[in-house]
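Here the structure comes first, spelled out in structure tokens, and everything after it is commentary.
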Amino acid sequence: MTLFALLYIVLTLGGVAALAAMILRIGTMLGDCPQSRATARAAAVTIATGFAAIGTGGVILIGAGLPLLANVPFAGFLGITGLAALCLGLGFTHAVHVLRALMQDAGAKAA
């Protein structure tokens, strides 16, 4: 059971870190435009840190359910890891959508 808990933490927090880095990378690519460079970078940092904080909290909350599934450890591990991946993916999608919306607003104000 401890092995599954450790594996869950490593996989999911690694996912949070990878997705937060991806948000920063997308913000950097969007920041290539000279008109919206400052907006893109500030928004990307803000959104990525918020995603990391909320994602880590979600990972911890979902992981708290692992001991409840001690009688089926492998199935429980797969279930909570899948739920965490689903939640992180939905959060990432929302974060990128917010970043794009901010960039569209910045572009409209610059024009």
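The values are calculated or read from the model by the stated rules, or taken from the named source; none is laboratory data. It should be emphasised that the depicted structure is a prediction, and the values quoted were computed from it without experimental measurement. A quick note on method: Cβ atoms are made from the backbone with ideal geometry, for glycine too, and the neighbour counts reach across all protein chains shown. Surface areas here come from the heavy atoms of the whole protein model, side chains and all, with no ligands, DNA or RNA. Shrake-Rupley method; radii C 1.70, N 1.55, O 1.52, S 1.80 Å.
The table that follows gives values for the structure above.
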| item | result |
| --- | --- |
| Number of the exception - Arg41 against (1) basic (Lys, Arg); (2) free of Cβ contacts under 8 Å to residues at least 12 places away in the same chain; (3) closer than 16 Å to Val96 by Cβ | (2) |
| Residues that are open to solvent by less than 60 Å² (accessible area, probe 1.4 Å) and more than 11 Å from the chain's Cα centre (by Cα), drawn from segment 39-56 | Thr39, Ala40, Ala42, Ala43, Ala44 |
| Subset of segment 7-38 that is open to solvent by less than 50 Å² (accessible area, probe 1.4 Å) and aliphatic (A, V, I, L, M) - its residue that is farthest from Ala101 (Cα to Cα) | Val16 |
| Members of segment 73-95 that are in contact with a helix residue (DSSP H, G or I) (Cβ under 6 Å, 6 or more places away or on another chain), open to solvent by 30 Å² or more (accessible area, probe 1.4 Å) and either among the charged types (D, E, K, R) or farther than 12 Å from Ala5 by Cβ (or both) | Leu83, Cys87, Phe92 |
